[in-house]
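Below is one structure, written out as structure tokens; the observations come after it.
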Amino acid sequence: MVIGIPDVGLVGPIATSFMVKNLKLELVGYLDSNVLPPILLFHNSEPLMPLRFYSNDKNLSLFYSEIALPPEHLYSFSEYLLDFAIKRGAERIIMLGGIAVPNRINIQKPKVYIAAIKEEDRKFFSERNFPLLKEGFMGGAYASLLKQCYKKDFSGIALLAESHLNYPDPGAAASALTMLASILNFKIDIKPLLEQEEEIRVKLRELMKRTIESMKTSGKEYEFTVPAMYA
Amino acid sequence: MVIGIPDVGLVGPIATSFMVKNLKLELVGYLDSNVLPPILLFHNSEPLMPLRFYSNDKNLSLFYSEIALPPEHLYSFSEYLLDFAIKRGAERIIMLGGIAVPNRINIQKPKVYIAAIKEEDRKFFSERNFPLLKEGFMGGAYASLLKQCYKKDFSGIALLAESHLNYPDPGAAASALTMLASILNFKIDIKPLLEQEEEIRVKLRELMKRTIESMKTSGKEYEFTVPAMYA
Amino acid sequence: MVIGIPDVGLVGPIATSFMVKNLKLELVGYLDSNVLPPILLFHNSEPLMPLRFYSNDKNLSLFYSEIALPPEHLYSFSEYLLDFAIKRGAERIIMLGGIAVPNRINIQKPKVYIAAIKEEDRKFFSERNFPLLKEGFMGGAYASLLKQCYKKDFSGIALLAESHLNYPDPGAAASALTMLASILNFKIDIKPLLEQEEEIRVKLRELMKRTIESMKTSGKEYEFTVPAMYA
Amino acid sequence: MVIGIPDVGLVGPIATSFMVKNLKLELVGYLDSNVLPPILLFHNSEPLMPLRFYSNDKNLSLFYSEIALPPEHLYSFSEYLLDFAIKRGAERIIMLGGIAVPNRINIQKPKVYIAAIKEEDRKFFSERNFPLLKEGFMGGAYASLLKQCYKKDFSGIALLAESHLNYPDPGAAASALTMLASILNFKIDIKPLLEQEEEIRVKLRELMKRTIESMKTSGKEYEFTVPAMYA
Amino acid sequence: MVIGIPDVGLVGPIATSFMVKNLKLELVGYLDSNVLPPILLFHNSEPLMPLRFYSNDKNLSLFYSEIALPPEHLYSFSEYLLDFAIKRGAERIIMLGGIAVPNRINIQKPKVYIAAIKEEDRKFFSERNFPLLKEGFMGGAYASLLKQCYKKDFSGIALLAESHLNYPDPGAAASALTMLASILNFKIDIKPLLEQEEEIRVKLRELMKRTIESMKTSGKEYEFTVPAMYA
């Protein structure tokens, strides 16, 4: 199951919503809770819940959120989502996200780092020379999901593209998508993403703002430092 | 059941209270809870609860609130109200509300957008060339109610008139009422509403102030942006 | 049962404490709770709980608070107090309070408005030409008590004297007392109240301060505006 | 049981800790709870819990706190402590405390006022010409304990020495101790207390700071005003 | 069981992480909870929970946290950790920590004070002329753990090196480690710790920042004052 949750650079929602449109995935469900803000979407005049599941005929499924998640409920959210994925027969979860780099402005093609819970996954990626996240902290929704994977010994993989921290980053989303496509063996044309960069940035300003607030209390600050163990 | 809850431009309370007076609806009940502020009203020296149900001999019923609802309880409020409406045999709920537009001052006749949960309702409206809400977020009490309709596959319809965000907007209320009258086939003279514009604005200043506060934590800010999916 | 709770102008505590002294009512009980601040009083070296019940040989009973009530517990407080009054055989509760008027300084004899829950009470008062509260919001502890009376169809009457909002107002208390005496048919000399005006104002400054704070979150602001229904 | 809890002028902890040392009382127990801050003391390298019980061979027992108590838990704390004292056979609780006076700086020998719950105690003191607290509010931990005594008709006595409000006041503690000694018939040399005045003031600055904060939300402000009943 | 929790100067995490590396301890478990921030670490691309248990073949076990603990949960955390240690057969817990001294900058070799719960432990240390903590308050996570030891009469020992309060202090960690090595009879070369001083300080800035915040509400301020008992 591919996962796109608002985080650094909004890489997740940008990449997963682009997938839904381009791979013509079908809406198959939603997730709701009384701790989520009272928000509903409309598209082509049809109502849509802000947290939704999509899939295609084959075995690609996707979970995606249009709104920032409340940081104080990340633990129970992650626990619920992973249990759900396992019950539905998912073999792994692949999160699309960003990793903030200060010099993002000078990077043409953002690199994508892979964080993987299971030894066999790390072996798979390193054999293919995919760059693994080596050292450091992860915070936020994806760290919470990876912790649940760790506790349940489930295959959890995060693709973290070099990204702006506080601006929606379609370029980073494009890099993450390209990596995902090469892992899952599907084709996707990421050019439109790069062309709409400025447009997307304006349109997602509120989601970015709420995401930044949400990140403040979910341990993201640790990400820019080094664990004591390796200091 | 027609619903008027304080929201953008106070369109709901202005329009529904006008209906009660002009259609001579009768008070049939109230809703109370320990999470509501301790407020009671008097009219012609008679006490009135701030959240009330009205109806006529025929099948028109109406729910209406004189006070802003506490945003942290919108979920349970919506769940309760919809369950109640269904149990009482309501076929649909029609919410009267506003949609903030920056250039409201230049608009003579505010347009009314329709957000509808059920496919058959949307078909009904588009066949009659009524303008449907196409793309975007909805937040606040009505989004919360529409989410409940979505989850229960119940007919939920919001009539959203172009409105001032932070000022009571009798003109928007008049437009919403006109639309409602044409849908439900009743006659109502909205001229008095337009004539009392300034008076109403002054009188509802406290309700407006509380409503603005309440909207701050109920996801209304998303309304001015575009979902990632369609960015 | 006559009730004096700190509210606008502290009319309730000033009037009821004056009654206790002048009518020589006897202490018959108290109300305590873990949500009240840890406060105890001493009078003639004897300890007194801050929320107390008094009565005389005949059927006059009185409840009275020396401290501001926590606004977040008004609902359960009102529910408890009314249930208690009913269980003890009270036929009605009469609250002594104030209604803030901006020009209080120019008013010699404050007028007293009556808010009454039951139709028969309103008839009784209007037949005697007592002025009923016609239109508007009531907020705070008395609104909370009147709501409970409304829900239980119990006779609840509030005597609201024109009063300063933020200053203890013995003059308003005198007016409320005079009205109460004429309703309940007892005699009371209110002159001392008027003579001690300045003294009382200084002595009750802390209670006034706490009461103002408590009123901030109990819907009192609505009192100066007009319900949408009658805008 | 003699009680010393941080309050006005830290009279309680100063006086009771001095008693423990001078009367060579023995440590017999402690009180702990998950609502207390995580604090432990060391004395002569031995660990000590911050809330402790002491006693001597005869029937003198003492409870004493080195830290400010959380104001939101005073009710349950008082209830627990009194129940415990009663179960252990205590005949009365005597609290050592302060009563803030503005002109403390000009007072050589602070006077000690006695607040007593039971009629027989008040009679005992007035027969000996000990000054009783006549009129006014008491707030804070001791008011909370006295309220529990009132509710359980148990002998509760507070010795309140004229004191600085915001500075540790060994002089006030000496006065309270002298009064206690004359009531309980023991001898104590209070000279050392007076000699270490400045030293004690510096050493207890953190406890004073926390106590001031704790007093802010426990009704102490009422202490400087007059109850409505006697205004 | 040796324990390293972020506190004054981060002595604990610096010292224990150094032990893990140098004594080649093995990861044997972790502790997680929904009250911890959503944080995961990576080392050599492998995921690591932020609170971990290590041990060697012999009977040395170690618990260590990479993140600041939420102060409002220290009580239940300490209770849990100690119960766990006891169940696993630990004979004692030895905490590595710091004690803030204002003149740290002038101290070449920080002294280490020992706080010990059990009489026999204190005897052991004083016979070997190890300096015991004589007088004063302890606050924070270690005070919370020592309180639990006190309540369960379990051997709890804190080694507190003179340390900077607000800067990571590898020199203090080195002193604490040297003391631990001499107690537990193992050899460790602390030179690398001293050489990386500046590097470590930069790398641990976020952990230091969070730890400072956490210390604010866990009674650490009392540490710089003297208990009333000994004032």
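Per this entry, B:E206 is counted among residues that are within 27 Å of B:Y75 (Cβ to Cβ) and acidic (D, E).
So for the stretch D:222-230 (the condition being part of a helix (DSSP H, G or I), over 20 Å from C:P38 (Cβ atoms) and within 14 Å of chain C (Cβ to nearest Cβ)), does at least one residue qualify? Scanning the stretch D:222-230, I find at least one residue that is part of a helix (DSSP H, G or I), over 20 Å from C:P38 (Cβ atoms) and within 14 Å of chain C (Cβ to nearest Cβ), so the answer is yes. Only one of the numbered conditions (1) crowded, with 18+ Cβ neighbours inside 10 Å; (2) modelled with pLDDT of 95 or more; (3) more than 23 Å from A:E206 (Cβ to Cβ); (4) in contact with a Ser or Thr (Cβ under 8 Å, 6 or more places away or on another chain) is not met by A:F77, and that is (3). Taking the stretch C:68-116 as the range and being within 14 Å of another protein chain (Cβ to nearest Cβ) and in a loop (DSSP other than H, G, I, E, B) as the test, the residues that pass are C:A68, C:L69, C:P70.
Looking only at the stretch C:159-193, count how many residues are over 19 Å from C:Y142 (Cα atoms) and either touching a Gly at 6+ places or on another chain (Cβ under 6 Å) or of a type in the set (S, T, N, Q) (or both). Residues in the stretch C:159-193 being over 19 Å from C:Y142 (Cα atoms) and either touching a Gly at 6+ places or on another chain (Cβ under 6 Å) or of a type in the set (S, T, N, Q) (or both): 3 in total.
Of all residues in the stretch B:65-92, exactly one satisfies the criterion of being more than 18 Å from B:N34 (Cα to Cα) and touching a helix residue (DSSP H, G or I) at 6+ places or on another chain (Cβ under 6 Å), namely B:L82. The numbered conditions (1) more than 22 Å from E:G219 (Cβ to Cβ); (2) in contact with a Leu (Cβ under 6 Å, 6 or more places away or on another chain) are all true for D:V28 except (2). Would a scan of the stretch C:49-67 turn up a residue that is more than 9 Å from every other protein chain (Cβ to nearest Cβ), under 18 Å from D:K151 (Cβ atoms) and free of Cβ contacts under 8 Å to residues at least 24 places away in the same chain? Looking for residues that are more than 9 Å from every other protein chain (Cβ to nearest Cβ), under 18 Å from D:K151 (Cβ atoms) and free of Cβ contacts under 8 Å to residues at least 24 places away in the same chain, one finds at least one in the stretch C:49-67, hence yes.
Condition first: part of a helix (DSSP H, G or I) and small (G, A, S). Now tell me which residues in the stretch B:151-171 satisfy that.
B:G171 - this is the single residue of the stretch B:151-171 that is part of a helix (DSSP H, G or I) and small (G, A, S).
Checking the stretch E:34-44 against the condition returns no match, with no residue being more than 11 Å from chain A (Cβ to nearest Cβ), aliphatic (A, V, I, L, M) and crowded, with 21+ Cβ neighbours inside 10 Å. All conditions in (1) under 21 Å from D:I200 (Cβ atoms); (2) in contact with a Cys (Cβ under 9 Å, 6 or more places away or on another chain) hold for D:P47, with the sole exception of (1). Of all residues in the stretch A:1-55, how many are over 23 Å from A:G156 (Cβ atoms) and either within 13 Å of the chain's Cα centre (by Cα) or among the aromatic types (F, W, Y) (or both)? Total meeting the criteria: 1. Can you confirm whether E:E223 is crowded, with 19+ Cβ neighbours inside 10 Å and either charged (D, E, K, R) or out of contact with any Ser or Thr (no Cβ under 9 Å at 6 or more places or on another chain) (or both)? Yes: the conditions hold for E:E223.
Looking at the stretch D:122-146, which of the residues that are more than 10 Å from chain C (Cβ to nearest Cβ) and either over 20 Å from the mean Cα position of the chain (by Cα) or farther than 24 Å from D:P13 by Cβ (or both) is surrounded by the fewest Cβ atoms within 10 Å (Cβ to Cβ)? Going through the qualifying residues, I end up with D:N129.
Quick test for you: out of B:K152, B:K111, B:K123, B:K147, pick the one residue that is out of contact with any strand residue (DSSP E or B) (no Cβ under 8 Å at 6 or more places or on another chain) and touching a residue at least 40 places away in the same chain (Cβ under 8 Å). Checking each option against the conditions leaves just B:K152. Among the residues of the stretch C:23-61, those that are of a type in the set (D, E) and not in a strand (DSSP E or B) comprise C:D32, C:D57.
Within the stretch B:46-70, being over 21 Å from B:L96 (Cβ atoms) and modelled with pLDDT of 95 or more holds for B:E46, B:P47. Looking across the stretch B:117-150 at every residue that is part of a helix (DSSP H, G or I) and among the charged types (D, E, K, R), the one that is farthest from B:S214 (Cα to Cα) is identified as B:E127.
For the stretch A:172-210, filtered to residues that are part of a loop (DSSP other than H, G, I, E, B) and facing chain B (nearest Cβ under 10 Å), the residue that is surrounded by the most Cβ atoms within 10 Å (Cβ to Cβ) is A:L204.
Residue pairs whose Cβ atoms lie under 8 Å apart, sitting 6 or more positions apart in sequence or on different chains, and linking a residue in the stretch B:196-220 that is closer than 15 Å to B:P170 by Cβ and at pLDDT below 90 to a partner that is in a helix (DSSP H, G or I) and not hydrophobic (A, V, I, L, M, F, W, C), are B:Q196/B:P170; B:E197/B:P170; B:E197/B:G171; B:I200/B:P170; B:R201/B:P170; B:L204/B:P13; B:L207/B:P13; B:L207/C:Y222.
Which residues, counting only those in the stretch C:154-170, are under 21 Å from C:E199 (Cβ atoms) and touching a Leu at 6+ places or on another chain (Cβ under 6 Å)?
First, the residues of the stretch C:154-170 that are under 21 Å from C:E199 (Cβ atoms): C:161, C:163-170.
The answer is C:P168, C:P170.
Does the stretch A:183-204 include one or more residues that are under 17 Å from the mean Cα position of the chain (by Cα), of a type in the set (S, T, N, Q) and over 16 Å from A:F18 (Cβ atoms)? No, there is no match, as no residue in the stretch A:183-204 is under 17 Å from the mean Cα position of the chain (by Cα), of a type in the set (S, T, N, Q) and over 16 Å from A:F18 (Cβ atoms).
Within the stretch E:3-22, the set of residues being buried (at least 24 other Cβ atoms within 10 Å of the Cβ) and either outside any helix (DSSP H, G or I) or basic (K, R) (or both) comprises E:I3, E:G4, E:I5, E:P6, E:D7.
The values are calculated or read from the model by the stated rules, or taken from the named source; none is laboratory data. These figures come from a predicted structure and were not determined experimentally. In this analysis, Cβ positions are derived from the backbone assuming ideal geometry, glycine residues included, and neighbour counts consider all displayed protein chains.
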